[in-house]
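Novice: Structure provided below as structure tokens; questions to follow.
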Amino acid sequence: MDEYPLIENHGLIGDLQTAALVTTDGTLDWFCSPRFDSPSVFGALLDKDRGGHCTVRPAHPTHSTKQLYLPDTAILVTRFMTEAGAGEVVDFMPVTGTTVTDRHRLVRLVRCVRGTMTFDVEIAPRFDYGLSKHEVHITPHGAVFVAEDGTELTVHPIREPEDERLGDILTHRDADLQVTLTLEAGQQRGLILEMGAGGPPREVRRDEHERLFEETAEFWRSWLAQSRYTGRWREVVERSAITLKLMTFAPSGAVVAAPTAALPEQLGGERNWDYRFTWIRDASFSVYALLGLGFTEEARAFIIWLSDRVKERAGGGGNTGPLNIMYKVDGSSDLNEQILDHWEGYEGSAPVRIGNGAATQLQLDIYGEALDSIYFAHQHGFQVGHGGWTSLRTDLDWLADHWDQAEEGIWETRGGRQDFTYGRVMSWVAFDRALRLAQSKGWPSAAGRWQAERDAVYEQVMAKGWSEDRRAFVQHYGSEVLDSSLLRMATVGFLTPGDPMWASTLDAMEEELVSDSLVYRYNPDASPDGLRGSEGTFSLCTFMYVDALARAGRIDRARLVFEKMMGYANHLGLYSEEIDPTGRQLGNFPQAFTHLALIDSAITLNEALDNRKPGLVRHGS
């Protein structure tokens, strides 16, 4: 790899236990195994020289590329075109299922569809984030890369035994493989990269490949057929749904925030975090999106996962709370943050962090998000059992004792704790939803105390979270800084969408946080967060803004912002965490929270447009 591809110049494939990124030039530059949060096998995305990659690209230096997903699937097609010919690389991962396994397969089919095309193929793994050396063993039927710790990556060629051998395998001094493959129209070859193969390399016949292909395509099409969304942005919404499914660890139902680590929020900056974990907040939001589209099994799996986390330390945890803000996909909570100082980082953006030191922060809003998602699921027929309710009661008692304290907040600031308004609002949500659950089922509860605490939170937010000078709710008590997390105040019912205080808050945010429809989280210059540098606009916040505008009756404005935001997606409809002033995507990719917010805002806006009376002109829309 001579240079770093743009973050947005990638497609995502996966098998529901891990995932891989493929660039528009046919390079597989990010893959961790056996799980999303495992060490990388290919990591050139974070160090082009030492990270490792698997590349399939035309030998001809001048070619154009196009990339697309096969409709309604997670099968990625990268097309190459020259005057002499056209070829394709078809990438996918056969779905593993709900049983944890170390066996994961990356299928890369190479074919020529017009004329003649010569492909250069290079397989250069770098195990354990490039820290483990390896050997390669070539056999007549493929090859095996063996790392120092015994980890193996097996290469199975896709061809018939009688097929002409169109390429010769060459070994590189770094124990890598290089192949030059010349194909004519109609010819195809390929390879399967397999972790945990449990046997020697073997030739995979075309009918076996075709079976894997058809089974994978059928899985995705059958899964997507469950969607009930028939609104205006169906293709966009369904691509987001597939993307979220790709980031779901099937054995537990946990959704990772992103399949990548350490992609920078600012090029050359230090805001480089590992997102390969499950945040209580992000995953709770997935319940609304999944149930809104009709994916009940995924929502059920996460509710079970969340209930297990609630039961583990119900009521305990001292000042850090009974819930961690994030977990590994298996529910464990050891997320020790480390720096890979041997890697230079994406475009030199160091440090490269793995693990996440924010895991031990106090973020009070997660209790509101958790209770809100459980209550929403309850409204859709999911039942909370006695054990789950007992644990929730204990957690609510803890929150009643601890909600009135400073915290790190939703954005995981590292500049000291504050009395964040959003954390208080979501504490109100936690008490409110618990009261509704108890009343609807006639369950025992500390209803009197919960109601008193709920009302106390409300009164405090209205007294301390509102700035008369700004005519808006502010980021934390005693400040004049605005914060786009508060766009959810009306969504969760703390305020009504038509409240004048809410209207003026939206106006203030429009003036300070919105830049040509794109929304910043907050202004770090006005509210230092303990980190150097700046950041781009947050795609999640832009979609939250759309939702807030639609609920407030500013429907035309909401639709314009939404449609503009569609233009910032990559060629496949995927979004990273942020967008910089040039329109370039930054941060971990793709980000689950952004795609969740896209789905929610699309549903809200579509309903608002359907319900608007013809000819009605709304003030401020």
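The values are calculated or read from the model by the stated rules, or taken from the named source; none is laboratory data. Note that the coordinates shown come from a computational prediction; the quantities given were computed from them, not determined experimentally. As a convention, Cβ positions derive from the backbone with ideal geometry for all residues, glycine included, and neighbour counts pool all protein chains shown. In case anyone asks, the SASA skips ligands and DNA or RNA and just uses the protein heavy atoms, side chains included. Shrake-Rupley method; radii C 1.70, N 1.55, O 1.52, S 1.80 Å.
Novice: Quick check: from the Cα gyration tensor, does segment 1-131 come out rounded (a/c under 1.5), prolate or oblate?
Specialist: oblate
Novice: Continuing with the same structure: Among 216-222, 422-428, how do they line up by average Cβ neighbours within 10 Å per residue, starting with the highest? If you can, show how the numbers build up before the last one.
Specialist: Details: 216-222: 15.7, 422-428: 26.6.
Per-residue mean Cβ counts within 10 Å order the peptides as 422-428, 216-222.
Novice: Quick one: accessible area per residue over segment 405-521, 1.4 Å probe, rounded to a whole number of Å²?
Specialist: Details: 4440 Å² over 117 residues.
On a per-residue basis, segment 405-521 sits at 38 Å².
Novice: Continuing with the same structure: Mind checking the per residue accessible area of segment 1-75 for me, 1.4 Å probe, whole number of Å²?
Specialist: Per-residue value: 29 Å².
Novice: Now for a separate question. What full-extension length gain, to one decimal in nm, is calculated for residue 178 and residue 83 as 0.36 nm per residue of separation minus the Cα-Cα distance?
Specialist: Details: separation 95, 0.36 × 95 = 34.20 nm, distance 2.49 nm.
Stretched out fully, the residue 178 to residue 83 stretch lengthens by 31.7 nm.
Novice: Please label the shape of the chain as rounded, prolate or oblate, based on the square roots a ≥ b ≥ c of the eigenvalues of the alpha-carbon gyration tensor (a/c under 1.5 means rounded; beyond that, a/b larger than b/c means prolate, else oblate).
Specialist: prolate
Novice: Ok, one more. Would you mind checking which residues have amide H under 5 Å from residue 467's amide H? H placed 1.01 Å from N; only 5 or more apart, or other chain.
Specialist: Those lying under 5 Å, H to H, from residue 467 are 472, 473, 474.
Novice: Using 1/(1 + (r/R0)^6) with R0 = 22 angstrom and r between the beta carbons of residue 50 and residue 337, what's the FRET efficiency to the nearest 0.05?
Specialist: Step by step, r from the Cβ atoms, then E = 0.60.
Novice: Cross-link candidates for residue 48: which lysines have Cα within less than 23 Å, leaving aside residues fewer than 8 places away along the same chain?
Specialist: 66, 133
Novice: Placing +1 at every Lys and Arg Cβ and -1 at every Asp and Glu Cβ, with all other atoms neutral, what dipole size does the chain have around its Cα centre, in debye to the nearest 20?
Specialist: With only Lys, Arg, Asp and Glu charged at Cβ, the dipole is about 1700 debye.
Novice: Still on this model: Assign one of three labels to segment 1-75, namely rounded, prolate or oblate, based on the Cα gyration tensor with a ≥ b ≥ c the square roots of its eigenvalues; rounded applies when a/c is under 1.5, prolate when it is not and a/b is larger than b/c, and oblate otherwise.
Specialist: Oblate.
Novice: State the percentage of accessible surface on segment 372-424 attributable to carbon and sulfur atoms; use a 1.4 Å probe and exclude ligands, DNA and RNA.
Specialist: Exposed carbon and sulfur together represent 45 percent of the surface.
Novice: Roughly how many percent of the accessible protein surface of segment 1-82 is carbon and sulfur, given a 1.4 Å probe and a whole-percent answer?
Specialist: Carbon and sulfur together cover 50 percent of it.
Novice: For segment 88-205, what % of the accessible area comes from carbon and sulfur atoms, probe 1.4 Å?
Specialist: 46
Novice: Now for a separate question. Give me the extension gain from residue 611 to residue 386: residue separation times 0.36 nm, minus the current Cα-Cα distance, reported in nm with one decimal.
Specialist: Gain in length upon complete extension: 77.0 nm.
Novice: Which order do the peptides 93-102, 235-244 come out in when sorted by mean C-beta neighbours inside 10 angstrom, highest first?
Specialist: Working: 93-102: 16.1, 235-244: 21.2.
For the peptides 93-102, 235-244, the packing ranking is 235-244, 93-102.
Novice: Within 10 Å, count the other beta carbons around each residue, average over each peptide in 288-296, 273-281, and list them highest first.
Specialist: Packing order, densest peptide first, comes out as 273-281, 288-296.
Novice: Counting only heavy atoms of protein chains, what accessible area per residue, in Å², does segment 269-389 have with a probe of 1.4 Å?
Specialist: Details: 3750 Å² over 121 residues.
Value for segment 269-389: 31 Å² per residue.
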